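Since the structure comes first, as structure tokens, the remarks are kept for the end.
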Amino acid sequence: MGRPHPGVTRRPAVFLDRDGTINVATIRDGKSYPPASLDELVLMPGAAAAIAALRRSGYYTIVVTNQPDVAAGKQCRGVVEAINQALKSQLALDDIRVCYHQDADGCSCRKPKPGMLLEAARDWNIDLGLSFMIGDRWRDVEAGRAAGCRTLLIEAGYRERRSEPDFSVASLVEACDIIAKICT
């Protein structure tokens with residue numbers, strides 16, 4: 001699916017966090033960590049079918065992911081890009097947006113700021129008021145809310161700050177089921 005041309009009617013999107021939402025994250029001491037290598041990439045149960053169903057329902061499917069370990073020197077950018085390419089080849093994704101910054105960098109793209117969502121909305125002609133953000137952390141909820149999207153939080157039990165989403169769910173599959181019910 002290619003990018004729309006100017007003047008084309010705006011469409012909704014489902015923005016998806018990556019680690020802990022569409023692929024399994026490693027949990028240590030109540031914190032979520034991304035796969036350290038392509039070999040560690042494992043999709044969440046039902047992720048491929050759920051994302052494909054969203055796409056068939058007319059949503060753009062766009063991953064928006066913070067990857068601060070690159071800036072911290074704990075991860076190679078090439079590994080992150082290889083994981084993203086593997087996800088694009090396995091899933092019905094229209095786009096993947098990545099923020100490689102840390103909080104201290106003060107960029108507008110790092111969630112909880114909405115920069116990645118707003119940029120994707122401009123590039124893909126997305127109607128943010130009809131769109132959703134699904135993620136497993138408070139940063140995802142805050143970014144979605146700031147962009148004007150409805151938010152779904154996959155309850156992972158992390159020991160961190162919490163923001164109240166529009167919907168709390170147990171999995172990506174449940175999140176996609178809720179979106180389907182809202183929009184029918």
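What follows is calculated from the coordinates using simple rules that are stated; it is not laboratory data. No experiment lies behind these values; they were computed from the predicted model shown. A quick note on method: Cβ atoms are made from the backbone with ideal geometry, for glycine too, and the neighbour counts reach across all protein chains shown.
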Mean separation of Cα contacts under 8 Å (6+ apart) over length of the chain, as relative contact order %: 25 percent
- prompt: How far is helix 47-56 tilted off the main Cα axis of the chain, in degrees rounded to 10, range 0 to 90?
  reply: 20 degrees
- request: With both partners inside region 13-182, how many of the DSSP beta bridges are antiparallel, as a percent to the nearest 5?
  value: 15 percent
- prompt: By counting other Cβ atoms within 10 Å of each Cβ, how are Ile182, Ile22, Ile27 ranked from fewest to most?
  reply: Ile182, Ile27, Ile22
- line: If one compares the long axis through the Cα atoms of helix 172-182 with the longest principal axis of the Cα atoms of the chain, the angle in degrees, nearest 10, works out at 20 degrees
- prompt: For region 120-184, with only Lys/Arg (+1) and Asp/Glu (-1) charged at the beta-carbon, what is the dipole magnitude about the Cα centre, in debye rounded to 20?
  reply: 180 debye
- prompt: GluC sites (Glu not before Pro), restricted to region 43-143: which are DSSP loop and have at most 16 other Cβ atoms within 10 Å?
  reply: none
message: Given the options Trp124, Ser163, Ala53, identify the residue whose Cα lies farthest towards the positive end of the charge dipole of region 13-182 (+1 on Cβ of Lys, Arg; -1 on Cβ of Asp, Glu).
response: Ser163
field: Helix axis angle, 77-90 relative to the chain longest principal axis, alpha carbon, degrees
entry: 40 degrees
statement: Output ordering of 127-140, 40-53, 146-159 (per-residue mean of other Cβ within 10 Å, highest first) is 127-140, 146-159, 40-53
field: the chain - charge dipole about Cα centre, Lys and Arg +1 at Cβ, Asp and Glu -1, debye rounded to 20
entry: 320 debye
- request: For Met133, list long-range residues whose amide hydrogen, built 1.01 Å from N in the peptide plane, is under 5 Å from its own amide hydrogen.
  value: Phe15, Arg150, Thr151, Leu152
- request: Just the isolated ones, please: cysteines in the chain lacking another cysteine beta carbon under 4.7 angstrom.
  value: Cys76, Cys107, Cys149, Cys176, Cys183
